[in-house]
Amino acid sequence: MNLLLSFQHRGLELNVPGGVEVRAARPVEPEAAALKGAEALGAALDGAGFAGLLAGRRRPALVIGDFTWPAAYAEVLPELARRLIEAGIRPTRVRFLAWPGTLDRVLGRAAIRRYGERVVGEHELRAWKPKPGGQPDAEYAAADLRIAVFPDLPGALDALPAFDLALLLAPGRGPETRIAGVRSLPALAQKEQAVEDGARSAFSPRERVLAEAEAYLTTGGGAPNDATLEEALLALRFAPRPADAKRSLALAFHGGEGLGSGLFARDLDGLLEQAEEALARGEALNLGADLAQSTHWDPAAALASALCAWGRVILFAPELFEHEDAELLGERLAESPRLAERLHWVGEADELWAKLAEAHGPKYAIQAEPLGWRGSSVFPVPGSE
């Protein structure tokens, strides 16, 4: 059989070896219909009475997700800015705050990929800056109109301060991240959603257990969110826990932009060095990554947690080999023979299947989430069950 993964813009088709049973509840749909972002946003705003909400407002604060809350922002943010300006708000006051903004600077090529050239080039865009004592960003607190734009994923609004309107972007099921719908959530519904979601951290992994399959395969979610390892690791937030330490985890992503930010590269190198030292001493890996208690998503901690929980972690990243960051990762694994038995980096599909066969033999079952993090969308999209 063939398995289509969300991968960059057109997807990646894998030929599954005979004897391998693949279970994929939410497959990628090559011809999945994607709505036009401006039209989908306009319908949601009109349905929420946006014109009336704007009356008398002059100081908006637009809080959007950083790379830990990916969505097709570039499809809707320019239209949202245009509507605000047409309502009489000065263009210089249309500012975007990336939340939680704790892990990377909102600058450069990654920001352009994430939010689009128009937003990055024409408006102020910066990371959310909370004040001491857990108080919100000063600009957000002083605004007379607070709008949140986030993906329609579990926990997306859990820790966000009060807002006037939230716009939730539902990801579609095509090979890349596109919009399948936009729904509006008025401020009154925020408390109801918080009660429904419970007190669990918005950044903790989902409580699912991989019990019946020997391996789990997920992806970075397709373009523009699988260009780096740092971004692709977000898929682990929604991955199940292994039933035992003999299971394998495989993460497929493009990797054409390398490992990610400089901060992540440093954290990753330190993590891998720490893991090799522990294994050299004959100790079980215990890297102190308690994601369930985290107040923000930490991709290096997510990889640390995966190395502790899974018997084998395989990074399937074909284009990462062509990036200069490949040298850093390759040298670290070459210097870490014990870690290299647990963490593998491959660039060809045949190598991926070979690594899985080494661990599980020629016949095994693999649970696949070809959509990556998009498979956890809470919004029913066209064609969904």
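The values are calculated or read from the model by the stated rules, or taken from the named source; none is laboratory data. Computed from a prediction, not measured in an experiment: that's the story for all the values here. Glycine also receives a Cβ, built like all others from the backbone with ideal geometry; neighbour counts cover every protein chain displayed. Just so you know, the surface numbers come from the protein's heavy atoms only, side chains and all, with ligands and any DNA or RNA stripped out. Shrake-Rupley method; radii C 1.70, N 1.55, O 1.52, S 1.80 Å.
Please tell me the relative contact order of the chain in percent, rounded to the nearest whole number, where contacts are Cα pairs under 8 Å and at least six residues apart. Walk me through the intermediate numbers first.
Details: 790 pairs, mean separation 84.4, N = 385.
Taking the mean separation of contacting Cα pairs over the length of the chain, I get 22 percent.
Taken over region 312-359, the ratio of Cα radius of gyration to 2.2 N^0.38 Å equals 1.12.
Label-to-label distance for Thr92 and His9 is 3.7 nm, based on points extended 7 Å past Cα in the beta-carbon direction. Annotation: per residue accessible area for the chain equals 43 Å², rounded to a whole number [probe 1.4 Å, protein chains only].
Arranged from highest to lowest average of other beta-carbon atoms within 10 Å per residue, in what order do the peptides 34-41, 106-113, 217-224 appear?
Values: 34-41: 18.9, 106-113: 16.1, 217-224: 27.4.
So the peptides 34-41, 106-113, 217-224, ranked by packing, come out 217-224, 34-41, 106-113.
Take the Cβ atoms of Glu351 and Ile112, set R0 to 30 Å, and the FRET efficiency comes out at 0.40. Among Tyr364, Tyr140, Tyr115, the largest mean-square fluctuation in a Gaussian network model of the chain (Cα springs under 10 Å) belongs to Tyr364. Averaging the Cα positions of each part gives two centres, and for region 45-80 and region 302-327 these lie 35 Å apart. Taking one quarter of the surface of the C-alpha convex hull of region 25-99 gives a mean projected area of 6.6 nm². Where in region 1-37 does the amide nitrogen come within less than 20 Å of the point 7 Å from the Cα of Tyr364, taken along Cα to Cβ? 1-5, 14-25, by backbone N distance to the label point.
Residues in region 162-171 carry Karplus couplings, in order, of 4, 10, 8, 7, 10, 10, 9, 9, 8, x Hz; the curve used is 6.51 cos²θ - 1.76 cosθ + 1.60 with θ = phi - 60°, and Gly or Pro positions show x.
Placing R0 at 30 angstrom, the Cβ-Cβ distance between Arg183 and Ala25 gives a FRET efficiency of 0.85 after rounding to 0.05. Computed from the C-beta positions of Val16 and Ile85, the FRET efficiency with R₀ = 51 Å rounds to 0.50.
Element breakdown for region 1-147 at a 1.4 angstrom probe: carbon and sulfur atoms account for 50% of the accessible area. One chain, two ends: Ala142 and Arg57. Fully extended at 0.36 nm per residue, the span grows by 29.4 nm beyond their Cα-Cα distance. DSSP beta bridges fully contained in the chain are about 20 percent antiparallel.
Here the Debye sum runs over all C-alpha atoms of the chain as equal scatterers in vacuum, and log10 of I(q)/I(0) at q = 0.11, 0.12, 0.13 Å⁻¹ comes out as -0.77, -0.91, -1.06.
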